[in-house]
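Asks: Pasting a structure here, questions to come.
The values are calculated or read from the model by the stated rules, or taken from the named source; none is laboratory data. All figures in this text were calculated on a predicted structure; none of them were measured in a lab. Here Cβ is always computed from backbone atoms with ideal geometry, including for glycine, and neighbour counts include all displayed protein chains. Surface areas here come from the heavy atoms of the whole protein model, side chains and all, with no ligands, DNA or RNA. Shrake-Rupley method; radii C 1.70, N 1.55, O 1.52, S 1.80 Å.
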Amino acid sequence: MSQRIKIKALLQTAPAEQEVNVKGWVRTFRNNQFIALNDGSTNSNLQVVVDFNNTDEALLKRITTGAAISATGKLIASLGKGQTVEVKATEIEILGDSDPEKYPLQPKKHSLEFLREIAHLRFRTNTFGAIFRVRNSLSFAVHQFFQERGFVYLHTPVITASDAEGAGEAFKVTNLDLLNPPKTETGEIDFKQDFFGKATNLTVSGQLEGELGAMALSDIYTFGPTFRAENSNTTRHLAEFWMIEPEMAFYDLDDNMDLAEGLLKYVIKYALEHNREDIEFLSQRLQEEEKGKPQQERSDMTLLDKLQFCLDNDFERLTYTQAIDILKDSTPNKKKKFQYLIEGWGADLQSEHERYLVEKHFKKPVILTDYPKEIKAFYMRQNDDGKTVRAMDILFPGIGEIVGGSQREERLDKLEQRMDEMDIPKEDLWWYLDTRRFGACPHSGFGLGFERLVLFVTGMGNIRDVIPFPRFPKNAEF
Ligand code: 4AD
Ligand code: MG
């Protein structure tokens with residue numbers, strides 16, 4: 001038998017009646033004759049034509065939506081529209097049957113909500129095939145970007161005893177008997193008897209360990225899963241998400257912003273070049289979806305336009321203080337249309353404010369810097385004004401915050417003072433403080449939420465649809 005060829009490659013092969021073999025899953029089977037076959041290598045199906053007069057009736061019945069088959073035949077030019085080549089089958093083998101009565105994925109449009117319930121099968125739809133091929137490309141591009149620049153990929157721990165963000169949103173990790181945990185003399189749970197001899201949790205960020213690496217290797221990045229037990233049921237939050245966290249010695253905040261902007265443009269460009277067909281499909285899908293929305297909620301740009309626009313324009317850079325002035329004077333604030341009104345300096349920005357700045361005011365990606373220290377983590381470098389820190393958030397259209405980062409506080413006294421103010425136990429982070437004792441230097445880093453990036457590039461509306469098996473409150477299926 002001829003060697004199997006993937007459909008993506010086959011569709012680019014010149015037809016010369018050569019014998020080929022393909023394997024994949026049946027999408028549809030029309031008129032006892034035309035199989036639309038997909039093997040996940042491309043969004044396009046291959047048409048396999050069955051000679052039904054010379055094919056066993058029992059076999060024809062088993063060519064059903066969802067079945068896995070192997071087809072051997074001649075590659076010929078296609079007369080039908082929508083494809084240039086097709087396979088005229090001489091032999092069909094059923095590898096795995098799929099009972100059409102029971103198969104949940106019918107050849108019709110299913111809602112994204114329904115598909116989420118059958119996430120084990122949703123890869124087999126055009127939409128999810130495209131999403132996960134784009135996700136794959138983006139993650140490859142992330143590595144390529146950093147590797148080209150001499151960054152070291154560092155694996156930071158998944159189980160840790162620290163809460164890097166100090167937000168108290170970590171999932172606990174324990175092996176203690178929950179019904180009967182050992183107690184200390186004062187009646188508290190005795191974590192000394194736990195597996196690690198102390199209380200541990202799943203990491204919320206690899207940053208603190210990343211900083212340790214950067215203090216020797218200069219430029220490092222992490223790219224791994226992070227976990228947050230925040231009970232937010234939004235279209236932008238997951239309990240388990242992937243984060244890319246570069247950390248660079250000798251970088252100030254401007255260098256940090258340049259790197260982040262460069263990274264985002266690089267990976268978006270990579271996807272546009274390598275996943276054109278998938279992104280065109282997703283762009284089309286979005287346009288269809290938007291037809292169902294009221295006029296003022298529709299976007300005047302297609303997904304492809306939005307991605308290109310992001311590549312062609314510098315991100316707008318301004319301080320938090322400048323942003324607050326814009327928001328205070330904005331129409332939705334004056335007309336009390338914001339759910340959280342901006343009364344003055346110091347307010348934490350909600351996603352409605354971020355989206356106003358990006359989508360209405362500047363109409364392009366925005367980098368906000370120098371936030372009030374009260375609303376940011378302890379490790380950010382303090383500015384001389386005593387009020388703000390060298391933070392940066394990158395805000396994207398339709399997404400809100402996609403990147404959060406900062407220049408780090410490298411001065412031991414300032415860092416310790418801030419930890420005291422924020423009640424962060426210095427003893428637990430002795431190793432982190434050591435980097436400020438031995439060869440401290442200016443350094444910076446950021447975290448890019450990978451699923452928020454995939455959301456942007458695929459034009460999807462819900463973060464649960466861009467990770468294979470989403471984790472969110474009350475859901476850990478699959
Ligand atoms: O802003 P965050 O919390 O920053 C940090 O964790 C820093 N330690 C990063 C660093 O400087 N190395 O998270 C960074 C990014 C956010 O901008 C967002 O894109 C994403 O991670 N993110 C989430 N994505 C999905 N679900 C969640 N629950 C997320 N929380 C944060
Ligand atoms: Mg943040």
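Asks: Of the conditions (1) in a loop (DSSP other than H, G, I, E, B); (2) out of contact with any Ser or Thr (no Cβ under 9 Å at 6 or more places or on another chain); (3) of a type outside the set (A, V, I, L, M); (4) at pLDDT 95 or above, Tyr251 fails just one. Which one is it?
Replies: (2)
Asks: Hey, another quick one. Evaluate the following for Ile463: is it within 16 Å of ligand 2 (Cβ to nearest atom), open to solvent by less than 50 Å² (accessible area, probe 1.4 Å) and of a type in the set (Val, Ile, Thr)?
Replies: Against the criterion (within 16 Å of ligand 2 (Cβ to nearest atom), open to solvent by less than 50 Å² (accessible area, probe 1.4 Å) and of a type in the set (Val, Ile, Thr)), Ile463 qualifies.
Asks: Is at least one residue of the stretch 256-266 within 16 Å of ligand 2 (Cβ to nearest atom) and in contact with a Lys or Arg (Cβ under 6 Å, 6 or more places away or on another chain)?
Replies: Within the stretch 256-266 (the criterion being within 16 Å of ligand 2 (Cβ to nearest atom) and in contact with a Lys or Arg (Cβ under 6 Å, 6 or more places away or on another chain)), the answer is no, since none of the residues qualifies.
Asks: Can you tell me which residues in the stretch 369-412 are open to solvent by 30 Å² or more (accessible area, probe 1.4 Å) and of a type in the set (S, T, N, Q)?
Replies: If the condition is that a residue be open to solvent by 30 Å² or more (accessible area, probe 1.4 Å) and of a type in the set (S, T, N, Q), then Asn383 is the only one that fits.
Asks: Just give me the residues in the stretch 145-196 being among the charged types (D, E, K, R) and closer than 30 Å to Lys265 by Cα, in sequence order.
Replies: Glu148, Arg149, Glu165
Asks: Pick out the one residue from Leu318, Leu357, Leu327 that is among the aliphatic types (A, V, I, L, M), touching a Phe, Trp or Tyr at 6+ places or on another chain (Cβ under 8 Å) and either modelled with pLDDT of 95 or more or assigned to a strand (DSSP E or B) (or both).
Replies: Criteria check complete, one pass: Leu327.
Asks: Also: State all residues of the stretch 302-315 that are in a helix (DSSP H, G or I) and in contact with a Pro (Cβ under 8 Å, 6 or more places away or on another chain); if no residue qualifies, say none.
Replies: Once the filter is applied, which keeps residues that are in a helix (DSSP H, G or I) and in contact with a Pro (Cβ under 8 Å, 6 or more places away or on another chain), the stretch 302-315 yields Lys306, Cys310.
Asks: Oh, and also: Every residue in the stretch 90-136 that is of a type in the set (Ser, Thr, Tyr) and open to solvent by 80 Å² or more (accessible area, probe 1.4 Å), please.
Replies: Hit for the stretch 90-136 is Thr90, nothing else.
Asks: Now for a different question. Tell me, yes or no, whether the stretch 419-440 has at least one residue that is within 14 Å of ligand 2 (Cβ to nearest atom), open to solvent by 10 Å² or more (accessible area, probe 1.4 Å), in the same structural domain as Gly262 (by TED's automatic domain parsing) and of a type in the set (Val, Ile, Thr).
Replies: The answer is no, given that none of the residues of the stretch 419-440 is within 14 Å of ligand 2 (Cβ to nearest atom), open to solvent by 10 Å² or more (accessible area, probe 1.4 Å), in the same structural domain as Gly262 (by TED's automatic domain parsing) and of a type in the set (Val, Ile, Thr).
Matching residues to (1) within 15 Å of ligand 1 (Cβ to nearest atom); (2) within 24 Å of Met460 (Cα to Cα):
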position: Ala323; (1), (2): no, no
position: Lys364; (1), (2): no, yes
position: Leu368; (1), (2): yes, no
position: Gly400; (1), (2): yes, yes
position: Glu409; (1), (2): yes, no
position: Met419; (1), (2): no, no
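Asks: Sticking with this one: Can you pull out the residues in the stretch 147-159 that are closer than 28 Å to Asn231 by Cβ and either out of contact with any helix residue (DSSP H, G or I) (no Cβ under 8 Å at 6 or more places or on another chain) or open to solvent by 50 Å² or more (accessible area, probe 1.4 Å) (or both)? Steps first, answer last, please.
Replies: Looking only at the stretch 147-159, we keep the residues that are closer than 28 Å to Asn231 by Cβ, and these are 156-159.
The answer is Pro157, Val158, Ile159.
Asks: In this structure, does Asn43 turn out to be within 31 Å of the chain's Cα centre (by Cα), under 27 Å from Phe128 (Cβ atoms) and not aromatic (Phe, Trp, Tyr)?
Replies: Answer is yes for this residue.
Asks: Assess whether Phe396 counts as being away from ligand 2 (no atom under 14 Å from the Cβ), in contact with a Leu (Cβ under 9 Å, 6 or more places away or on another chain) and among the aromatic types (Phe, Trp, Tyr).
Replies: Considered against the rule, which asks whether it is away from ligand 2 (no atom under 14 Å from the Cβ), in contact with a Leu (Cβ under 9 Å, 6 or more places away or on another chain) and among the aromatic types (Phe, Trp, Tyr), Phe396 comes out as no.
Asks: Also: Please enumerate the residues belonging to the stretch 208-238 that are assigned to a loop (DSSP other than H, G, I, E, B), surrounded by fewer than 20 Cβ atoms within 10 Å (Cβ to Cβ) and within 12 Å of ligand 1 (Cβ to nearest atom).
Replies: Result: Ala229, Glu230, Asn231, Ser232, Asn233, Thr234, Thr235, Arg236, His237.
Asks: If a residue must be within 17 Å of Lys376 (Cβ to Cβ) and touching a strand residue (DSSP E or B) at 6+ places or on another chain (Cβ under 6 Å), how many such residues does the stretch 410-448 contain?
Replies: Here the count works out to 6.
Asks: Go through Phe196, Phe241, Phe171, Phe250 for me and flag whichever is open to solvent by 20 Å² or more (accessible area, probe 1.4 Å) and touching a Gly at 6+ places or on another chain (Cβ under 8 Å).
Replies: Exactly one of Phe196, Phe241, Phe171, Phe250 is open to solvent by 20 Å² or more (accessible area, probe 1.4 Å) and touching a Gly at 6+ places or on another chain (Cβ under 8 Å), namely Phe241.
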